[in-house]
Every structure is written in structure tokens, then in C-alpha cells.
Amino acid sequence: MTSSPPCSSSAERGLSAAEIAERFGGEVVGDPGRRGHGLAPLHRAGERHIAFAVSRRHIDAVQSSRAGIVLLQRDLVPVDGLDCGSRSYVLVASPHAVFAHLSTLLHSRRVFGPGIEAGARVDPDADVEASARICAGATISAGARIGSGVYVGAGVFIGAGAEIGAGGYLYPRCVVLEDTAIGRRVIIHPGAVIGADGFGLAQEDGRWIKVEQLGRVRIGDDVEIGANSTIDRGALDDTVIGDGVKIDNLVHIAHNVQIGAHTAIAGCAGIAGSARIGSHCAIGGGAGILGHLEIADYVTIHAMTLVTRSIVESGHYASGVPHQEARAWNRNLAALRRLGRSER
């Protein structure tokens, strides 16, 4: 499933049910010429809106909705049971995924013209494609390479020798430090820092001695990095983020970590140095993964889980204690302490 580059006039022109079906391999039930000009949830959609439903529990909401076009999961309901008098249906394999593509086609905030604004600082030795947009207050250092169609927001800093692939979008005040290599169509949100030193230290006579971090950060295509997240450069080898990885806000990824393609990491998770995370994993919010561990492909780690040893088989993994009323928790904790004393 692919989508075309966003166009500023798409929302005004809209998309017909037939165009949506053709683009995403769907089937139209009802008027194929009915057009949708925007997206909305079922309960507040109007005749110019596109909405979606993915389960049978949404059917009542579909029937009462005023949406002009509804994306439905194939085989969710019999076709002859659909009321097509006031709306059209597009039957697709994954309504939510199609809805996501349409959100970019009809409502993208990342539409801009090329050029270097007054107040931007671009080193003469930097290589900036003519179709890129460099906003006021941004700094592009010597040897940096900015690909075609890249947007560099206000106050962004890009270090010496860094590479930003085509179609990237760097929101204001994010930082990409020297020699970082970023692939195509990568989105970096405000406050993110890519390529800071990893936490490399050695002890000598009771004191900590800094170990210079000599590796880089390498980020694949179609990655998104949330606000105020940090990805540290490697100590000797590189920190590597695979294609399609999605990183939420306030995530810390330490030096030499490797993350496989299409893994998603929710907010406030922390991954310690030299951990290796597989592809197509999902890491819940607040989870912690200790250093030098390996996580297999297709692993889901639930929120607030502490991973202390490698996970070699795909599946769901969880730890932590759900909240409860304070007095009950104190009683349970006291019982746990007594159990520990009885075993000594």
C-alpha cells in the first residue's frame, strides 16, 4: 500500500470513493463518485468527511453516522446489509491503515516551499539541495549534506558531516550532531537530540574517566523520533536504528544499541548500551531494557516492564505490579518481606 506525496490542495479537491478504492485496493459499495474532503470520527463526521470502522461493535455507530464515506473492514458485514442511501462504503483490508494514509494526503502539516530564509546559518562547505527549506535560526555546519525536499525548522542544529536524506522533516529546535547519517523521509520532533555522547566511563582510583565516544548514529528510512528523545552515538561501533522504526517522546536509546526494522517504542522507555532489539517489536511506555541483551523479532514488551535477560522467542512479556489501594499494597509488601525473611 503506497500513498502519493501530499498536496496542499488535496483537502479542497477531496478524494472520491472510487479514487480511494483504486489507490488502496478496495471495493466501493454505493456511489463511487461521492467525495470526502476531510477525516473525522464516526460520531461527528458530516457528509464531506471520511470515517472508518474496524469491528462489529462499531456497526451501530456506522448506521447512525452522517459520514459521506466510511472505510470498512472486508467481510465485517454483508454487503447487502449496508445502507447506501446517504453514504458510500470502501471495503479494504485495513481501514485504520488506509485512514492513516489519507490523513497525510488530505491534512499533512508538512507542506512547504523551498529556500533558505534570512537568519539561517549555512556553512559554505555544506551541501544543501535546492528543493530543501532551511528556516531562520537553523545552523547547517561544514560538510553537512541536506537532501532534496528536506525541511529544517527554526533553531535546528545540524553538525559537521551529518547527512539528512531526501524528504526528511526536522521540527524546530531538534539537534543532529556531527557525522550522524539519517535516511529518507525521517521525521524528528522538537527537542530530540541525535548523536550526543553515550554514557561511556571508566574507573580509575575511585574516579570516573570519560571514554570518548567515537562511533556514529545511523538511522534508516521512514523513521520517526518523538519530542525530547535522545539517541546516543556509539562508543566505537555505531548506534543503528532500522527502517520504519517509530520512537515516541522522551525515549532514551544509549550507545551501540541496534534496533531492527519496524519496531515501535512508546514514551519514557529506556534502552541501555549495546542492547540489540529485533524487528517488528513493540516496547511499552516506561519499559527498561538492560545493556548487552538481545531481544528476538516480534516481541511485545508491556508497559513498565524491566527486561533483565535476553528474550530469545517472540511473544508478549510483562513485569511490574499494577496499582492498588495504598493500605492493601502496604499489607502485601509486608507479607513479601516476611516471606523473604522466612527463606533465609
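Throughout, read-outs are computed from the coordinates displayed, never taken from laboratory work. No experiment lies behind these values; they were computed from the predicted model shown. Positions of Cβ are backbone-derived with ideal geometry, glycine not excepted, and every protein chain shown enters the neighbour counts.
Within the stretch 206-316, the proportion of C-alpha pairs whose separation exceeds 20 Å stands at 32%. For the chain, the antiparallel share of DSSP beta bridges with both residues in that region comes to about 10%.
Long hydrophobic helices in the chain, taken as whole DSSP H segments with a C-alpha length of 20 Å or more on their own axis and mean Kyte-Doolittle hydropathy at least -1.0: 326-342. Cα-Cα pairs above 35 Å in the chain: how many percent? Taking all Cα-Cα pairs of the chain, the fraction more than 35 Å apart is 41 percent. Taking packing as the residue-averaged number of other Cβ atoms within 10 angstrom, the listed peptides 55-64, 80-89 run from highest to lowest as 80-89, 55-64.
For the stretch 10-107, the C-alpha radius of gyration sits at 0.92 times the compact-globule guess of 2.2 N^0.38 Å, with N the residue count. Computed over the stretch 174-317, relative contact order equals 15 percent, with contacts defined as Cα pairs under 8 Å that lie 6+ residues apart.
In percent, what relative contact order does the chain have, based on Cα pairs under 8 Å that are 6 or more apart in sequence? Each step should come with its number before you reach the end.
Values: 978 pairs, mean separation 23.9, N = 344.
Relative contact order of the chain: 7 percent.
Within the listed set Val122, Val321, Val193, the Gaussian network model of the chain (springs between alpha-carbon atoms below 10 Å) gives the highest mean-square fluctuation for Val321.
Ignoring everything except DSSP H segments at least 4 long, calculate the 222 nm mean residue ellipticity for the chain; use -39,500 (n - 2.57) per segment, divide by total residues, nearest 500. Let's see the in-between values first.
Details: 5 runs with 48 residues, N = 344.
My calculation for the chain gives -4000 deg cm²/dmol from helical runs alone.
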